[in-house]
Each structure stands twice: as structure tokens, then as C-alpha cells.
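The values are calculated or read from the model by the stated rules, or taken from the named source; none is laboratory data. From a predicted model like this one, the values you see are computed outputs, not experimental measurements. Ideal geometry is used to build each Cβ from the backbone, glycine not excepted, and the neighbour counts take in all protein chains shown. Side chains are part of the model used for accessible areas, which takes the heavy atoms of the whole protein and leaves out ligands, DNA and RNA. Shrake-Rupley method; radii C 1.70, N 1.55, O 1.52, S 1.80 Å.
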Amino acid sequence: MPELPEVETVVRTLQRLIEGRRIERVSVSWPPVVGGEVQTFCDALKGQHFRRFDRRGKYLILGLDDRTLAVHLRMEGKFYVQLPCEPLSRHVHVIFDLDDGTQLRYHDTRKFGRMELLEANPDLTHFHQLGPEPFDEAFNEEYCRCVLKKKRIAIKTCLLDQSFVAGIGNIYANEICFALRTDPRRRCDQLTRSQIRALPQVTRELLSRAIEAGGSTIRSYTSSLGVTGLFQLQVKVHGRQGEPCPLCGRPIVKIMVGQRGTYFCPHCQKKRGNG
């Protein structure tokens, strides 16, 4: 599933490609992808312009004239901007015909992605029970301390909980745990004060670097729009099972935490103590 940097990259790229474009027609070949009745969805979008481009957690938030289109790419969702004459994959489930003769195509092999229409400029503070954005002032040391001291679950599991902080997935949770020098299985209520204090800043720095690099193409969500994410060249532990830890040289190991593949250095990331 794409994480915050990948979704941010898609949003920024779509803004560059389709900002101001008018939707002439919408066709849906897989009805479950849209929330509600398909014809209502298509009629509501006809004649609208793409005006604003934003993100909330892992959702793309596309502002139109008097509506907002929220899109969650889920496992395999991708956008393409193509000409009508280009080959049409059977995995394209929504097509937006635009006024410049191009098509915005939504491609989803697994069919897990979803689109929903919202009112114009909706209040997204508690959208789908999402927690604060990592870059929001609300995601600070006091917030983290208040939440984490009450939780007896693994810190990595908490980082993946979108109600705690929005947008973090498996790759960046692994990298955050390494940056904090903590075992990803360590209970939230056992983190040190210095780790809790560092968590917001570490998270922002990692995500900022990933956004600057265009996200990660470990699983590509951006290449369909001509963007090659390069953050996978900067990861310290994710996907590096058996490779030497960049700090101590001992091998990185892979375990399962909450049914998610988890990479860490047992020497540098202690489960207990001051690490």
C-alpha cells in the first residue's frame, strides 16, 4: 500500500499534469470502486474542473469546483494520463475524459482502491478516524507522550495505526524504529522520554527526505505518471535482511510484527534499556 510520501508524490504530479482541466465525461467499469450509485457519481463530476490538490493520510484529496474527490489507492491503485488512442488495460476501472483530449485513467489490478465524493472544502480533521498529519503541530511530544503511555502494544503496531498518526506504512515504520534505536516490538509505554521526544522530529525528517526523493518504488505507484521514486536507495533497514547494519555492521534480520514484515538490527535496536 502506498504511504504518505508516495501519495504526496502522486498528488503533486497530478497537479502538474491536470490542474485546471475540465472533466467532460466519466465512465466506470467496476462499480464498487466508487462510493454510492455510479450514474450519480459520473453526473456529479461532469463539467467539474480539477482546482485543488491535497492529501490526508494516504488519501488523495482532489478539489473540484463545488465537490471534492477523495481517492484511496489501497494495494495496487495507479493513475495514468494517456491519450484515448493508447491501449486500454482491462485493469482500468475509471476513465475521466478531459477537455484537452487526454484521459485520466484509474488502474487497479486488485480492485481494492476506492473513490468517494465529498462536499466542497470538507472538514477532514477526523476523516475516516485519521489521526494528526505527521507535519501538523498537533503531532508533537505532548501528544505522543499522552497517547503512548497508555498503550501496551508494540511501537511499530502503533505507528501503523492511522488513528495515531496518518500516512505511515510498513516501510517508514521500520525506518522510524531504526532512527529511534528501538526494537519495533518494544511496548509503547516502555519507550524512553528521549525516544518519545524525538519521535515527531524523526518522523518528519524521514518523510521529508522520502518526499524529496519522490517516494519509494519498492512497489511502484508513481512510475505510471513518469516519476521514479528513489527513497529505497536511502533506507537503512527495510528490505535489507542479511545485509550489514549501517551503524554496527551486524546483519539486519527480518521478523513479523502484527503480521507485517519487519526489518531491524537486534544490536542497535534494543527492546529494553536506554536505546
ask   = Is it the case that T68 is over 24 Å from the mean Cα position of the chain (by Cα), more than 30 Å from D189 (Cα to Cα), modelled with pLDDT of 95 or more and of a type in the set (S, T, Y)?
value = no
task = Output yes when any residue across region 117-136 is on the phi < 0 side of the Ramachandran plot, of a type in the set (A, V, I, L, M) and open to solvent by less than 10 Å² (accessible area, probe 1.4 Å), and no when none is.
result = no
Cross-chain or 6+ apart pairs with Cβ under 8 Å, region 194-209 first and over 16 Å from E137 (Cβ atoms), then hydroxyl-bearing (S, T, Y) = Q195/T182; L206/Y172
note = Going through (1) under 25 Å from the mean Cα position of the chain (by Cα); (2) loosely packed, with under 13 Cβ neighbours inside 10 Å one by one, R260 fails only at (2)
request  = Among what's in region 57-80 and is surrounded by 20 or more Cβ atoms within 10 Å (Cβ to Cβ) and charged (D, E, K, R), pick the residue that is farthest from S163 (Cα to Cα).
outcome  = K78
Criterion (touching a residue at least 24 places away in the same chain (Cβ under 8 Å) and touching a Leu at 6+ places or on another chain (Cβ under 7 Å)) met by exactly one of F96, F135, F112 = F96
inquiry  = From the list Q232, Q162, Q195, exactly one residue is modelled with pLDDT under 95, surrounded by 15 or more Cβ atoms within 10 Å (Cβ to Cβ), out of contact with any Pro (no Cβ under 7 Å at 6 or more places or on another chain) and of a type outside the set (D, E, K, R). Which is it?
reply    = Q232
request  = For L104, work out the one condition from (1) touching a strand residue (DSSP E or B) at 6+ places or on another chain (Cβ under 9 Å); (2) under 30 Å from P84 (Cβ atoms); (3) open to solvent by 60 Å² or more (accessible area, probe 1.4 Å) it doesn't fulfil.
outcome  = (3)
ask   = among the small types (G, A, S), surrounded by fewer than 20 Cβ atoms within 10 Å (Cβ to Cβ), within 18 Å of the chain's Cα centre (by Cα) and not in a helix (DSSP H, G or I), is that true of S208?
value = no
message = What's the total number of residues in region 73-86 that are modelled with pLDDT under 95 and assigned to a loop (DSSP other than H, G, I, E, B)?
response = 5
